[in-house]
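The values are calculated or read from the model by the stated rules, or taken from the named source; none is laboratory data. Keep in mind it's a predicted model, so treat the numbers as computed, not measured. Here the Cβ positions follow ideal geometry from the backbone for every residue, glycine too, while neighbour counts run over all protein chains shown. Please note that ligands, DNA and RNA were not included when accessible areas were found on the heavy atoms of the full protein model with its side chains. Shrake-Rupley method; radii C 1.70, N 1.55, O 1.52, S 1.80 Å.
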Amino acid sequence: GPKVLQIPSHQIIDMGQMVTLNCDPVSNHLYFYWYKQILGQQMEFLVNFYNGKVMEKSKLFKDQFSVERPDGSYFTLKIQPTALEDSAVYFCASSLGLNTEVFFGKGTRLTVV
Amino acid sequence: GDQVEQSPSALSLHEGTDSALRCNFTTTMRSVQWFRQNSRGSLISLFYLASGTKENGRLKSAFDSKERRYSTLHIRDAQLEDSGTYFCAAEGGGNEKITFGAGTKLTIKP
């Protein structure tokens, strides 16, 4: 079936540094999402993105977070600067439209030390 | 408040038994998805429903088509490989995103 690819699968970064998580969504999809999951806990919505703009973001989407998808390339989540509490698995997802099936990547495990 | 309430939070069963997981929604939802998260953390999509029921092998899911306020996942003849955390996620309630339940941790014992 359709696949969402996330690169890298693991990343370790020093607190205060910048990190960019990359997502290659399903090729014809138009809506993109990031979710955060702290180990063993709930999947928490961060942000969704359509037509070059953030549509909705949660309170977890701090000012240090930003998303973009320049020229149809990777959909990225950038955190600058990182904090210890940003350690989590970040899942990217995409869908063709609203109220259609959402496809998830395997996640990027981010460890901030 | 939380829009997706999932139950039970944990369930332990012997192989060969049947189980039912449930998600209640505090508002009308347009669609629901069910996932299993394995021990490596990967999310495996099980079902996407905008209404009615779907079946795949020993798994069957239903989405209340009338009120659109709950969904169920039935597992028949549980096997060891069914162990994992099951999440439902629903779209609707005025939001343009899917909201996850807290998950059901399912353990299948020999």
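Being under 25 Å from B:Asn95 (Cα atoms) and out of contact with any His (no Cβ under 7 Å at 6 or more places or on another chain) narrows it down to one residue among A:Val19, A:Val4; which is it?
Values: A:Val19 fails: under 25 Å from B:Asn95 (Cα atoms).
Just one listed residue meets the conditions, A:Val4.
Name the residue that is farthest from the other protein chains (Cβ to nearest Cβ), counting only residues in region B:82-98 that are farther than 20 Å from B:Thr53 by Cβ and at pLDDT below 95. Talk me through it step by step, then tell me what you get.
First, pick out the residues of region B:82-98 that are farther than 20 Å from B:Thr53 by Cβ: B:83-85, B:93-97.
In the following step, the residues that additionally are at pLDDT below 95 were identified as B:93-97.
Details: B:Gly93: 12, B:Gly94: 10, B:Asn95: 7, B:Glu96: 6, B:Lys97: 5 Å.
Only one residue fits best here, namely B:Gly93.
Any residue that is open to solvent by 60 Å² or more (accessible area, probe 1.4 Å) and assigned to a strand (DSSP E or B) - is there at least one of those in region B:24-34? Give the steps one after another, and end with the answer.
Filtering region B:24-34 down to residues open to solvent by 60 Å² or more (accessible area, probe 1.4 Å) leaves B:26, B:28, B:30.
From the residues that got through so far, the ones that are assigned to a strand (DSSP E or B) too are B:30.
Taking every residue of region B:24-34 in turn, at least one turns out to be open to solvent by 60 Å² or more (accessible area, probe 1.4 Å) and assigned to a strand (DSSP E or B).
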**OP:** Just give me the residues in region A:27-41 being open to solvent by less than 60 Å² (accessible area, probe 1.4 Å) and either more than 10 Å from A:Cys92 (Cα to Cα) or free of Cβ contacts under 8 Å to residues at least 24 places away in the same chain (or both), in sequence order.
**Re:** A:His29, A:Tyr31, A:Gln37
Subject >> Residue among B:Lys109, B:Lys105 that alone is within 24 Å of A:Leu39 (Cβ to Cβ), within 11 Å of chain A (Cβ to nearest Cβ) and of a type in the set (D, E, K, R) >> reply: B:Lys105
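What are the residues in region B:36-57 that are in a loop (DSSP other than H, G, I, E, B) and open to solvent by 60 Å² or more (accessible area, probe 1.4 Å), if any?
Looking only at region B:36-57, we keep the residues that are in a loop (DSSP other than H, G, I, E, B), and these are B:38-42, B:50-51, B:57.
Those that are in a loop (DSSP other than H, G, I, E, B) and open to solvent by 60 Å² or more (accessible area, probe 1.4 Å): B:Ser39, B:Arg40, B:Ser51.
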Subject >> Residue ranges of strands (runs of 3 or more DSSP E) in region A:1-110 with at least 2 members more than 14 Å from chain B (Cβ to nearest Cβ) >> reply: A:10-13, A:19-24, A:65-68, A:75-79
**OP:** Give me the pairs, please: first residue somewhere in region B:68-85 and open to solvent by 80 Å² or more (accessible area, probe 1.4 Å), second residue anywhere and outside any strand (DSSP E or B), beta-carbon distance under 6 Å, and either six or more positions apart or on two chains.
**Re:** B:Tyr70/B:Asp64; B:Arg76/B:Asp18; B:Arg76/B:Arg58
